[in-house]
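Have a look at the structure below before the remarks.
Derivation of every value follows stated rules applied to the coordinates shown; laboratory data play no part. Worth saying up front: this structure is predicted, and the values here are computed from it rather than measured. Please note: Cβ atoms are built from the backbone with ideal geometry, for glycine as well, and neighbour counts cover all protein chains shown.
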Amino acid sequence: MTLSFLLSTLNITQWLGDNVWNIITLLGFILAILTFLGVKIVLPHQTRKWRQNTIYAKLLNEFKSYIPKSKKEDTESVTPDQEVVEGNIYVQPNINILPPPNHQIAKSSYRLCDFFFKNVFVKTPVNKVFFLLGNTGSGKTAALAHLLIDYINRHSRRTLPYDIFILSLRPNDIFEKIKNIKVKDNMHAILLLDALDENHSAQDPKQQKTFFENLEKVYQDPRFAAIVVSCRNQFYKDVSEEPALTDIVTGGDSPTLKIWRLQLEQFTEHQVREYIAQRFDISNYSELHSKAFEYINKHRNNKEIAFRPLILTYIRDLIEANDPPETELDFYFFIVQKELRRSIIRTEQPFTVELLRQWWNMMVQVAVFLCSRRKPNRTADSNDYLTYDELKSIISKHNKTLSDNAINEDLFQQRSLLTRDNEGFRFSHRSFFEFFLAYHFLLHPDEIGYIGGLDFALEIFDQLYDAFTKGNKKPFSMLNAEVKEEDFAFAYLSISSSLNDLNQFSKALPRSQKAVDIFSRLSQTDSDTYLQYKAGALNNLANLHSRTKKHTAAEKEYTEALNILRPLSEANPEVFLPDVAGTLNNLAALHSVTNNHAAAEEEYTEALSIRRSLAEANPDAF
């Protein structure tokens with residue numbers, strides 16, 4: 001046996017010696033196959049896994065709804081009666097570069113990702129700081145999230161030129177979070193910052209300077225190769241205040257930075273069709289696919305409805321509605337009710353209109369609670385989230401039929417008006433928060449306080465008044481109280497005063513004028529009730545005109561208010577004499593500024609005389 005083994009071994013050795021080059025060729029062929037399989041199967045699998053894990057880690061918490069789902073997850077998680085809101089359906093928007101670009105940029109209009117991947121997320125970026133501006137619901141947050149997703153998906157772990165981070169600018173401690181970002185050795189990062197307009201320090205005139213000084217320090221941070229900041233257009237008082245080609249002194253090798261403005265454009269008809277094609281698989285939803293196109297064709301003249309990304313996410317609800325909304329206000333009113341109905345059904349409660357009203361009131365109170373934390377003097381650790389216990393407390397006051405067991409983690413994990421993450425509960429979209437606040441302004445004008453940054457709430461309030469004057473009762477059907485025109489006038493007075501305090505005169509003046517117009521109209525049929533309010537509204541408007549140096553208009557309005565108040569004070573001096581003195585004082589201050597000193601002296605003297613008599617009769621008050 002041993003001899004046989006040795007002979008066989010010698011034969012193999014001889015064969016190997018005679019065919020060594022054949023063996024080397026065979027081994028080389030096997031190695032090539034293994035390498036090919038590794039490149040085509042193993043490495044792509046590892047890269048896909050790395051991409052999935054990286055995207056998941058980067059978008060966790062506030063941006064988690066944009067994490068793409070696998071086809072299997074998408075099929076399992078969406079039932080036919082649910083709308084799809086996910087990271088899988090996305091149409092890349094167009095952007096305009098404002099002002100027109102210099103020679104470094106080839107053109108002024110781009111597809112969003114094309115612009116960033118060709119000009120910014122490269123080894124030598126053209127510029128460093130970019131403001132992505134857009135109106136409410138134009139898809140700013142989605143744009144940033146998909147910039148990150150597409151950026152990761154274009155690279156592997158070895159080819160990634162920069163690390164990338166996305167953060168919301170809402171929290172008070174945002175600059176601390178940016179400071180704690182850890183960038184890998186010998187690597188710079190791309191920083192995506194969402195929702196500048198929702199940071200309270202950025203809204204508050206008393207804190208703005210410090211906030212933007214800290215933001216400039218972020219621009220100067222050498223860790224970041226490129227920074228993209230999203231912000232609503234409405235955040236700025238007018239176009240002249242929007243960030244433009246502003247020089248920022250940075251020191252070092254690059255003495256200045258340029259801030260570039262990028263304006264998100266409304267969807268084109270082609271992009272709307274692209275979205276619908278993704279939303280409805282034509283093989284499975286051919287009827288819905290056709291209805292969606294019919295709806296868009298019907299509303300093609302109203303681009304605010306048919307061409308806005310946020311509204312398109314609700315396309316299925318819209319096409320299945322018996323009375324599809326025609327205006328922006330109608331859309332929000334319709335969608336809010338749809339979402340509340342879904343939430344009620346998820347709690348396994350029998351649906352009733354009364355229960356729907358309870359949930360409506362509950363959401364209004366959630367908005368009011370969160371708005372109360374927006375005050376300039378709020379504590380440093382307050383935020384835009386409700387804790388579980390805070391939400392339960394609001395529900396217990398406004399929704400008696402909902403058990404504690406129903407308010408669990410699952411209630412707001414699916415699509416709803418509220419969403420939950422590690423921080424707590426908040427509105428799933430900023431516009432829903434401001435929508436409910438507009439209704440609160442109407443019913444509780446005396447509670448309108450700090451309204452910095454609530455431009456969409458003011459727009460919705462204006463649309464509510466427009467609906468009221470046209471006799472459209474639908475947007476008020478969820479309210480238990482009857483709405484009167486005087487409610488709008490009092491709210492407009494309070495809103496204009498708050499805007500005046502924020503020095504936002506261009507927004508305050510038209511609303512103050514509306515209060516005057518409403519009270520003027522009402523006083524024609526009921527002078528005893530409304531003349532006094534007209535005088536107060538005229539004073540408010542005159543104060544605004546005085547602050548904006550429109551002295552002729554202010555003088556006319558102060559005089560008209562005084563002419564109303566004098567007769568009222570003769571009939572009821574205890575109530576109206578203080579108002580006469582106040583208006584005389586305002587008019588005298590105006591005449592003093594316009595160098596009409598004789599008139600000013602006369603008016604100050606009369607005001608002083610009135611107040612002396614009031615002080616003698618009631619020294620504690622005057």
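Restricting everything to alpha-carbon atoms, can you work out Rg to Rh for the range 442-516 with a Kirkwood hydrodynamic radius?
Numbers: Rg = 12.2 Å, Rh = 12.7 Å.
The Rg/Rh ratio comes out at 0.96.
Would you please state the base-10 log of I(q)/I(0) at q = 0.11, 0.15, 0.18 1/Å for the range 487-565, with intensities from the Debye formula using one equal scatterer on every alpha carbon?
These q points yield log10 I(q)/I(0) values of -0.24, -0.45, -0.64.
Just order 520-530, 384-394 by mean Cβ neighbour count inside 10 Å, highest at the front, would you? Before the final figure, lay out the partial values.
Values: 520-530: 13.6, 384-394: 16.2.
Ranking the peptides 520-530, 384-394 by packing returns 384-394, 520-530.
For the range 466-622, just the Cα atoms, rotate onto the principal axes and tell me the three extents in Å, largest first.
54, 34, 29
How many times 2.2 N^0.38 Å is the alpha carbon radius of gyration of the range 556-622?
1.11
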